[in-house]
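Presented below is the structure to which this report refers.
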Amino acid sequence: MDSVTQIVLGSSVAIATLGRRTAVWKAALWGGIAGTLPDLDAFVNHGDAILNMVLHRAESHALFYLTVLSVPMAWLVSRLHRETDRFTRWWLALWLALITHPLLDWMTVYGTQLLRPFTDTPYAVGSVFIIDPLYTVPLLLGVLLALAMRQGRGIAWTRAGLVLSTAYLVWGLAAQQIATHKILASAPVPHLTPGQLLVTPAPFNTLLWRAVAVTPTHYHEGYYSLLDGDRPVRWSTHARGAELYARYQGHALVDRVARFSHGFFKMSEAGGEVFITDLRMGNEPTYSFHFNLGTPAELVSGQRATTQVWQRPDLATALPWLWQRMWGADVQLAAP
C-alpha cells in the first residue's frame, strides 16, 4: 500500500493498543514510524531494475525479522519517554504497527515475502488496490480526531476507524470471490486452473475488477464490475512471446520475473532489444513493471543491467473510463 496509508495504519494500531497509557501524540508518532519503516528498503539499489522489484518487500517485510526488531525498538522508545514500566505495552503496540504493514501489503497483488528467512515465496492476495481511499480515510480521520480531542477522548474514533478499514478489507475479499465466480462463467478459454487466472481490483475501488487469464502462448484481459449484472466479460487476447521465453528460459533474471509474477508475464522484442513485462500491475498496453533486458547478445552475456521502462496511461482518457466502467457502463478504454 501507499506510504500515507501505512503511516496512518501504524499510528492507528499504536493509539488503539496504548490507549491512555501514554500521550496520544507519542503513540501516533512512533506507530507511524514503525508503520513506514519496512518500506525504507525501496531506497536500496541492487544495481538492476528486476532485482529492485523482486527484492522489495523481502527481509524488511518478513514477520520474523520485524518481530525481532520490535523488541529493541520498544526498549528504546520506552526509555526515551521514561516509560519503562510500560515496556510490554509499548512492545505490543510497536510489534503490531510493524507487522500490520506487511500483512496489509499481502492483500495487494505485488507480492510480499512474509516468511523469510524460511522461504522467499512472494505471497499476494490481490483483493485491494495499492491506493484505495475507502480503506485509508477511516484510519486518517481516526488518527486526526484522536490527536485533536483532549484527554484521550478521541481514541474511540481511532478504534472505530480500524474496525471500518478492516471491514473494508473483508468486503474486498468477498467482492473478489464474487467477481471471480462471474469471470469464470465467461472464461476466454475452457478449463482454466486457479493458477491461470488473476482477478484483482482496478485502481481506487473494489467494484471494478480486472482479470488476466494466461495460457502458454497467450494472455487474455477483461473487466467485470459488480454492477454489470449478467453481462458477459469482454476479453482482449494478446501473444505472450512464447518463443522468446522458450529461448531465454533459464536466464536468472527472466526466471526471477516468471516466479515473482506467479507466471503472469509476457516477453516481447522491439528495436533489436528484448523486454519482459509483469502483467499483474497496469493494463493493456501500459504496465508498471516493463523491463528492457537489452539485445539478445547482452542478455545472454549479462553485460548490461536491466532497466525499467515506465509505461504510463493517458489519465485524461483512463480516469473517465474507470469512473464509468466502475458503475457498470458498457464502455471500452480507447487505445493510447
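The values are calculated or read from the model by the stated rules, or taken from the named source; none is laboratory data. In this text the structure is predicted, and so the values were computed from the model without any measurement. Here Cβ is always computed from backbone atoms with ideal geometry, including for glycine, and neighbour counts include all displayed protein chains. Surface accessibility is based on the protein's heavy atoms, side chains included, excluding ligands, DNA and RNA. Shrake-Rupley method; radii C 1.70, N 1.55, O 1.52, S 1.80 Å.
Name every residue in region 174-203 that is open to solvent by less than 70 Å² (accessible area, probe 1.4 Å), closer than 16 Å to Ser127 by Cβ and either in a helix (DSSP H, G or I) or of a type in the set (Lys, Arg) (or both), in order of residue number.
Hits for region 174-203 are Ala174, Ala175, Gln176, Ala179, Thr180, Ile183.
Does any residue of region 94-102 turn out to be without any contact (Cβ under 8 Å) to a residue 12 or more places away in the chain and not hydrophobic (A, V, I, L, M, F, W, C)? Spell out how you get there, then give the answer.
At the first step, the residues of region 94-102 found to be without any contact (Cβ under 8 Å) to a residue 12 or more places away in the chain are none.
No: zero hits.
Report whether or not Thr206 is surrounded by fewer than 19 Cβ atoms within 10 Å (Cβ to Cβ) and polar (S, T, N, Q). Don't jump to the end; show me each part of the working.
Working: surrounded by fewer than 19 Cβ atoms within 10 Å (Cβ to Cβ): no; polar (S, T, N, Q): yes.
Considered against the rule, which asks whether it is surrounded by fewer than 19 Cβ atoms within 10 Å (Cβ to Cβ) and polar (S, T, N, Q), Thr206 comes out as no.
Is it the case that Pro313 is open to solvent by 30 Å² or more (accessible area, probe 1.4 Å) and touching a residue at least 40 places away in the same chain (Cβ under 8 Å)? Show your work before the answer.
On the way: open to solvent by 30 Å² or more (accessible area, probe 1.4 Å): yes; touching a residue at least 40 places away in the same chain (Cβ under 8 Å): no.
In short, no.
What tally of residues in region 217-249 results from selecting those that are of a type in the set (Asp, Glu) and exposed (fewer than 14 other Cβ atoms within 10 Å of the Cβ)? Even if it seems obvious, please write down each step before you answer.
Of region 217-249, the ones of a type in the set (Asp, Glu) are 221, 228, 230, 243.
Then keep just the ones that are exposed (fewer than 14 other Cβ atoms within 10 Å of the Cβ); that gives 230, 243.
Here the count works out to 2.
Of the conditions (1) out of contact with any strand residue (DSSP E or B) (no Cβ under 8 Å at 6 or more places or on another chain); (2) free of Cβ contacts under 8 Å to residues at least 40 places away in the same chain; (3) open to solvent by less than 60 Å² (accessible area, probe 1.4 Å), Thr295 satisfies every one except a single condition; which number is it?
Only one criterion is unmet by Thr295, namely (1).
Does Phe43 meet the test of being surrounded by fewer than 19 Cβ atoms within 10 Å (Cβ to Cβ), of a type in the set (A, V, I, L, M, F, W, C) and within 30 Å of Ala305 (Cα to Cα)?
Yes.
Determine whether Thr119 is open to solvent by 30 Å² or more (accessible area, probe 1.4 Å), more than 18 Å from Asp2 (Cα to Cα), of a type in the set (Ser, Thr, Tyr) and free of Cβ contacts under 8 Å to residues at least 60 places away in the same chain.
yes
I'd like to check something: does region 291-306 contain any residue that is in contact with a Phe, Trp or Tyr (Cβ under 9 Å, 6 or more places away or on another chain) and among the basic types (Lys, Arg)?
Within region 291-306, the subset in contact with a Phe, Trp or Tyr (Cβ under 9 Å, 6 or more places away or on another chain) is 291-293, 296, 299-300, 306.
From what is left, the residues that are among the basic types (Lys, Arg) are none.
No, there is no match, as no residue in region 291-306 is in contact with a Phe, Trp or Tyr (Cβ under 9 Å, 6 or more places away or on another chain) and among the basic types (Lys, Arg).
Which residues, taken from region 17-31, are touching a residue at least 40 places away in the same chain (Cβ under 8 Å) and surrounded by fewer than 24 Cβ atoms within 10 Å (Cβ to Cβ)? So that I can check it myself, show each step before the final result.
Initial filter on region 17-31 (touching a residue at least 40 places away in the same chain (Cβ under 8 Å)): 17-22, 24-28, 30-31.
Scanning region 17-31 gives Thr17, Gly19, Arg20, Arg21, Thr22, Trp25, Lys26, Ala28.
State whether one or more residues within region 135-151 are polar (S, T, N, Q), open to solvent by 20 Å² or more (accessible area, probe 1.4 Å) and on the phi > 0 side of the Ramachandran plot.
Yes: region 135-151 contains one or more residues that are polar (S, T, N, Q), open to solvent by 20 Å² or more (accessible area, probe 1.4 Å) and on the phi > 0 side of the Ramachandran plot.
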